[in-house]
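Each value in this text was obtained by applying a stated rule to the coordinates, not by laboratory testing. Please read all numbers here as calculations on a predicted model, not as lab measurements. Cβ: placed from backbone, ideal geometry, glycine included. Neighbour counts: every protein chain shown.
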Amino acid sequence: MATYNIAVVVGSLRKDSFNKKLAKALEKLFPADFSFTQVRIDDLPLYNQDDDGNPSAQVTRLKGEITVAQGVLFVTPEYNRSVPGVLKNAIDHASRPYGKSAWDGKPAAVIGASVGAIGTALAQQHLRNILAYLNVPTLGQPEGFVHAKEGLFDESGNIGEASRKFLQSWVDAYVSWVKTHAGTRA
Ligand code: FNR
């Protein structure tokens, strides 16, 4: 049934991460023809250009998961007003060797939850710069700035009542974005 596989990249390694929870809860808002691969980034080595010709098994796995996906969903916290280093490390790995980037042309969306009131807005803006360079068409609107506060999730881990309508509209926009771009690449 699933036609569109989305690689989900979460920028937090924390066990109880709000962003991990957000990613799982968002998946449930997609239609049945979407499936998800949680991309693992916690076991990647630090990027070193010397290794481009001899990538580790973890890097080969990362690039393979991105390559076969029809889209990429980035769900990330904001660290010191930018993207977490672990996320940038993963992006750099899959972008190399030069000319062999796994990201090229993958329709993406960025969203993130933060305990701060601006809901990862600055991290997302930095991420958009990186993705623009990598030729990743990234959903512009609506923007997904999520404030991690009481009630964001219900007891079952679903999006709570107050944010459900907005986040469903956000998912719907990304679904259209993926389908539009999948059509242009067919
Ligand atoms: C943060 N946090 C944070 N929050 C924010 O809104 N803007 C920021 O610039 C930062 N900077 C920052 C740096 C570092 C190193 C840490 C550890 C944390 C707080 C952050 O929003 C909070 O820890 C979230 O819970 C992180 O997301 P996860 O891990 O719950 O997904």
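Some points to look at:
- Computed FRET value (nearest 0.05) for Lys179 with Arg40, which takes r as the C-beta separation and R₀ as 30 Å: 0.65
- Rounded to whole Hz, the Karplus (6.51, -1.76, 1.60) HN-Hα couplings of region 146-155, x for glycine and proline: 10, 8, 6, 9, 3, x, 4, 10, 8, 5
- Model label sites at Glu155 and Asn5, defined 7 Å from Cα along the beta-carbon direction, differ in position by 3.7 nm.
- Local charge for His126 was computed over the other residues whose Cβ lies under 13 Å away, with Lys and Arg +1 and Asp and Glu -1, and equals +2.
- Counted charge near Asn89, where neighbours are those whose Cβ lies closer than 12 Å (Asp, Glu -1; Lys, Arg +1): -1
- Placing unit charges on the Cβ atoms of the charged side chains and taking the dipole of the chain about its Cα centre, the candidate lying farthest along the positive direction among Leu152, Val10, Ala109 is Ala109.
- Bridging of Lys88 to lysines at a Cα separation below 29 Å is possible for Lys15, Lys20, Lys21, Lys24, Lys28, Lys63, Lys100, Lys106, Lys149, Lys179, once same-chain residues fewer than 8 apart are set aside.
- Simple spin-label estimate for Gln49 and Leu13 gives 2.4 nm between the two label positions (7 Å along the Cα-to-Cβ direction from each Cα).
- Point-charge dipole on Cβ atoms (K/R +1, D/E -1) for the chain, about Cα centre, debye to 20: 160
- Built amide H within the under 5 Å cut-off of Thr138, gap 5+: Ala108
- Antiparallel DSSP beta bridges within the chain, as percent of all bridges there, nearest 5: 10
- A straight line joining the Cα centroids of region 29-48 and region 124-180 runs 16 Å.
- Across region 57-186, Cα pairs under 8 Å and at least six residues apart give a relative contact order of 24 percent.
- Our estimate of slack between Val115 and Asp92, defined as 0.36 nm per intervening residue step minus the Cα-Cα distance, is 5.6 nm.
- Angle between the chain longest axis and helix 161-185 axis [Cα atoms, degrees, rounded to 10]: 30
- Note on Ser169 and Glu27: the extension gain reaches 49.8 nm, defined as 0.36 nm multiplied by sequence separation minus the Cα-Cα distance.
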